[in-house]
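One structure is given below, encoded as structure tokens.
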Amino acid sequence: MESAEPRLTSLAHGGGCGCKIAPGVLREMLAAMPQAAAFADLMVGTETSDDAAVWRLNDHQALVATTDFFMPVVDDPFDFGRIAAANALSDVYAMGGRPILALALVGMPVNVLSTATIGRILAGGAEVCAAAGIPVAGGHSIDSVEPIYGLVALGLIDPRRVLTNRGARPGDRLILTKALGVGVLSAAFKQGRLDADGYAALIGSTTRLNAVGARLADQTGVHAMTDVTGFGLLGHALEMARGAGATVEISASAAPVLPGVEALLADGVRTGASGRNWASYGEGVRGLEPGVMRDLLTDPQTSGGLLVACAQEAAEAVLALVRAEGFDQAAVVGRVADGPARVVVT
């Protein structure tokens with residue numbers, strides 16, 4: 001009699017965007033990388049840790065190119081595929097682009113997982129791509145010790161409408177489109193402490209496409225955008241502050257939170273990545289003491305929401321647009337102010 005397959009999450013030392021390399025370590029690694037030669041048509045490269053590269057094709061089209069992959073955050077293979085695909089496509093949407101096609105990146109322990117299980121992962125990813133209106137047009141696979149899945153995602157945008165993480169201006173309001181706490185929910189899942197409602201909240205958030213980002217690129221008054229993923233809200237807000245050369249103020253009480261997350265935090269559920277995140281960039285943050293709120297604001301968000309910087313007078317219209325697209329918990333979570341490039345939590 002064949003033995004049952006192991007849980008997907010048991011095969012990985014980390015899961016989702018929580019297995020990203022800590023931002024401080026990443027900076028050290030990239031410091032040794034030679035600078036690329038100047039290319040006139042490279043509109044967005046590696047300079048400010050943006051979500052995707054952007055290459056100008058002509059006066060009316062630019063190519064948005066990105067890749068993202070990770071290890072399982074849940075055990076259901078179809079859900080894992082859906083989450084990974086939505087997360088990868090988010091980088092295109094975060095630049096204001098519209099995806100046109102994807103390539104699958106697959107690393108699987110083929111002697112441990114059945115071809116049926118691996119096929120379900122691929123099917124989950126393909127379903128999300130179909131919902132985005134694009135094909136999975138190819139890819140690459142390897143035999144790997146840990147299961148890994150993700151996409152290369154390509155999109156198009158008008159070069160005049162590209163949104164980066166460095167365009168925020170003093171006076172802007174900051175809107176977050178999804179609630180926080182994905183890392184906490186996923187940690188509780190791995191510990192066997194997540195109930196059915198918590199799992200539904202986890203899947204509902206992580207599989208929701210950030211397609212509204214493409215519409216925001218056409219919205220008057222939107223100046224900058226990024227998606228909140230492995231570095232948590234504070235880490236990505238700090239990247240926005242550094243890109244703009246301004247202070248980003250985050251209102252801790254205004255940040256939306258997924259159901260059940262606060263109770264789990266109070267009960268001691270954490271991800272290891274939240275501590276690594278704080279150790280990497282805490283020197284750039286003011287006004288936040290150790291505790292539950294710091295753990296929430298540094299919590300890694302797999303397939304998290306968009307952080308949008310827009311003019312104060314445009315904030316109401318932007319928030320209405322985002323909520324009309326189904327992001328019911330979207331909220332104004334802060335503002336941009338004159339000052340040094342740092343995050344201040346109020």
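The values are calculated or read from the model by the stated rules, or taken from the named source; none is laboratory data. What you are looking at is a predicted structure, and each value in this text was computed from that prediction instead of being measured. Note that each Cβ is placed from the backbone with ideal geometry, even for glycine, and that neighbours are counted across all protein chains shown. Accessible surface areas use protein heavy atoms only, side chains included; no ligands, DNA or RNA. Shrake-Rupley method; radii C 1.70, N 1.55, O 1.52, S 1.80 Å.
I want to confirm something. Restricting to the stretch 103-124 and keeping residues that are among the β-branched types (Val, Ile, Thr) and not in a loop (DSSP other than H, G, I, E, B), which single residue is nearest to residue 166 (Cα to Cα)? Step by step, filter the stretch 103-124, then rank; the result is 106. Inclusion of residue 45 among residues that are surrounded by fewer than 22 Cβ atoms within 10 Å (Cβ to Cβ), touching a helix residue (DSSP H, G or I) at 6+ places or on another chain (Cβ under 7 Å), at pLDDT below 95 and not hydrophobic (A, V, I, L, M, F, W, C) is not warranted. Checked against (1) among the aliphatic types (A, V, I, L, M); (2) part of a helix (DSSP H, G or I); (3) under 21 Å from residue 311 (Cβ atoms), residue 163 passes all but a single condition, namely (2). Restricting attention to the stretch 74-89, report how many residues are more than 14 Å from the chain's Cα centre (by Cα) and either of a type in the set (Val, Ile, Thr) or surrounded by fewer than 24 Cβ atoms within 10 Å (Cβ to Cβ) (or both). Qualifying residue count for the region: 5.
For the stretch 268-313, filtered to residues that are assigned to a loop (DSSP other than H, G, I, E, B) and without any contact (Cβ under 8 Å) to a residue 12 or more places away in the chain, the residue that is nearest to residue 241 (Cα to Cα) is 289. When the stretch 275-295 is filtered for residues that are within 28 Å of residue 201 (Cα to Cα) and either open to solvent by less than 10 Å² (accessible area, probe 1.4 Å) or basic (Lys, Arg) (or both), the ones remaining, listed by number, are 276, 277, 294. I'm trying to understand the selection: among the residues of the stretch 125-156, which are in contact with a strand residue (DSSP E or B) (Cβ under 9 Å, 6 or more places away or on another chain) and farther than 17 Å from residue 67 by Cα? Result: 130, 133, 143, 144, 145, 146.
Considering only the stretch 141-153, I want to know if a residue exists there that is touching a residue at least 12 places away in the same chain (Cβ under 8 Å), open to solvent by 70 Å² or more (accessible area, probe 1.4 Å), in contact with a Ser or Thr (Cβ under 9 Å, 6 or more places away or on another chain) and within 19 Å of residue 7 (Cβ to Cβ). The answer is no, given that none of the residues of the stretch 141-153 is touching a residue at least 12 places away in the same chain (Cβ under 8 Å), open to solvent by 70 Å² or more (accessible area, probe 1.4 Å), in contact with a Ser or Thr (Cβ under 9 Å, 6 or more places away or on another chain) and within 19 Å of residue 7 (Cβ to Cβ). In the stretch 125-149, what residues are of a type in the set (Ser, Thr, Tyr) and assigned to a loop (DSSP other than H, G, I, E, B)? Of everything in the stretch 125-149, just one residue is of a type in the set (Ser, Thr, Tyr) and assigned to a loop (DSSP other than H, G, I, E, B), namely 144.
Quick one: would you say residue 136 is in contact (Cβ under 8 Å) with a residue 24 or more places away in the chain, out of contact with any helix residue (DSSP H, G or I) (no Cβ under 6 Å at 6 or more places or on another chain) and among the aliphatic types (A, V, I, L, M)? Against the criterion (in contact (Cβ under 8 Å) with a residue 24 or more places away in the chain, out of contact with any helix residue (DSSP H, G or I) (no Cβ under 6 Å at 6 or more places or on another chain) and among the aliphatic types (A, V, I, L, M)), residue 136 does not qualify. Every residue in the stretch 236-251 that is touching a Leu at 6+ places or on another chain (Cβ under 8 Å) and closer than 15 Å to residue 51 by Cβ, please. Across the stretch 236-251, the qualifying residues are 236, 237, 240. Selection within the stretch 157-168: residues that are open to solvent by 40 Å² or more (accessible area, probe 1.4 Å) and touching a residue at least 40 places away in the same chain (Cβ under 8 Å). The member of this set that is farthest from residue 65 (Cα to Cα) is 166.
Being farther than 23 Å from residue 202 by Cβ and within 20 Å of the chain's Cα centre (by Cα) is a condition met by at least one residue of the stretch 135-152. Residue count for the stretch 258-267, restricted to those that are surrounded by fewer than 19 Cβ atoms within 10 Å (Cβ to Cβ), more than 20 Å from the chain's Cα centre (by Cα) and part of a loop (DSSP other than H, G, I, E, B): 1.
Scanning the stretch 100-128 for residues that are under 30 Å from residue 56 (Cα atoms) and open to solvent by 20 Å² or more (accessible area, probe 1.4 Å) yields 100, 101, 103, 105, 106, 126, 127.
Among the residues making up the stretch 69-102, a single one is among the charged types (D, E, K, R) and assigned to a strand (DSSP E or B): 98.
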